[in-house]
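Data block below; observations after.
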Amino acid sequence: MEQEQKRYEDYIAGRNAVTEALKSGRPLDSVLVAKGDRQGSIGAIISKCRQAGVPVKEVDSRKLDAMAPNHQGVIAVAACKEYAALEDLFRLAEERGEKPFFIVCDELEDPHNLGAILRTAEAAGAHGVIVPRRRAAGLTSTVYKASAGAVEYVPVARVANIADTLRELKKQGLWIYGLDMDGETWCRTDLTDAMALVVGSEGRGISRLVREQCDFILSLPMAGQINSLNASVACGIVLYEVARQRQNIRAK
């Protein structure tokens, strides 16, 4: 297992190394560039990232120093697995003969939460997870480890805009359920049709534009003094309610 985890340690440092990684089509989660550095080949690297849909993040050069020596102002963070296309998620549902069942993460930033959601998604029979390209956790080695390897079995699609993607999913017949406060109790809702469950960020929840695309808002009742749950825990509860309802339908 130690050797397998090393395979996913994910820094590629230096201008030539990052350029070659982009040329080869290697799955990359993001490229980190020192703030204010646009000289020489850095500009070409940024251009290649845009063409490939790889997010570029400006960071303090001291962060790059701490990550890898001789970085020359740029470090690529390799993805632990290639991102899927949205069509791949639909294809998996079709292959299983099931109605689509997706999880959409709206700017979820903690890689441990994303890994936990992937692990539960795989166990509950979901057909895939959708994440935004920017301001969110991606498929890093931390996510791989937190998912306990579930990322190998659950396709993850990365999209430019979550609200636009939800509109597209609705056109394809999915109901959109947002997980947030002040909604309908999760266990009183029919979750057996084609659907996507939207989970918001740890601090802000679901953004306004994304919430506007939700057909329903689901909530978990809170009987104690704490008014919210960890994002991956709340998501896991609802995922298993979806799985329970679908199993009941199949058993009839």
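The values are calculated or read from the model by the stated rules, or taken from the named source; none is laboratory data. The structure displayed is predicted, hence computed values, not measured ones. Note that we place each Cβ from the backbone using ideal geometry, even for glycine, and neighbour counts take in every protein chain shown.
Descriptive notes on the structure:
- All of (1) farther than 20 Å from residue 10 by Cβ; (2) in contact with a strand residue (DSSP E or B) (Cβ under 8 Å, 6 or more places away or on another chain); (3) part of a helix (DSSP H, G or I); (4) not hydroxyl-bearing (Ser, Thr, Tyr) hold for residue 104 with one exception: (3).
- Cβ-Cβ contacts under 8 Å between residues 6 or more apart (or on different chains), taken from a first residue in segment 234-245 that is part of a helix (DSSP H, G or I) to a second residue that is aromatic (Phe, Trp, Tyr) and at pLDDT below 90, are listed as 237/186; 238/186; 241/186.
- Answer from 109, 98 - the residue that is touching a strand residue (DSSP E or B) at 6+ places or on another chain (Cβ under 7 Å), under 29 Å from residue 127 (Cα atoms), touching a residue at least 12 places away in the same chain (Cβ under 8 Å) and surrounded by fewer than 17 Cβ atoms within 10 Å (Cβ to Cβ): 109
- Meets criteria (at pLDDT below 85, small (Gly, Ala, Ser) and either in the same structural domain as residue 103 (by TED's automatic domain parsing) or exposed (fewer than 15 other Cβ atoms within 10 Å of the Cβ) (or both)) for residue 234: no
Matching residues to (1) surrounded by fewer than 17 Cβ atoms within 10 Å (Cβ to Cβ); (2) among the small types (Gly, Ala, Ser):
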position	(1), (2)
178	no, yes
190	yes, no
203	yes, yes
211	no, no
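- The selection criterion, being assigned to a helix (DSSP H, G or I), touching a residue at least 60 places away in the same chain (Cβ under 8 Å), buried (at least 18 other Cβ atoms within 10 Å of the Cβ) and in contact with a helix residue (DSSP H, G or I) (Cβ under 6 Å, 6 or more places away or on another chain), holds for residue 116.
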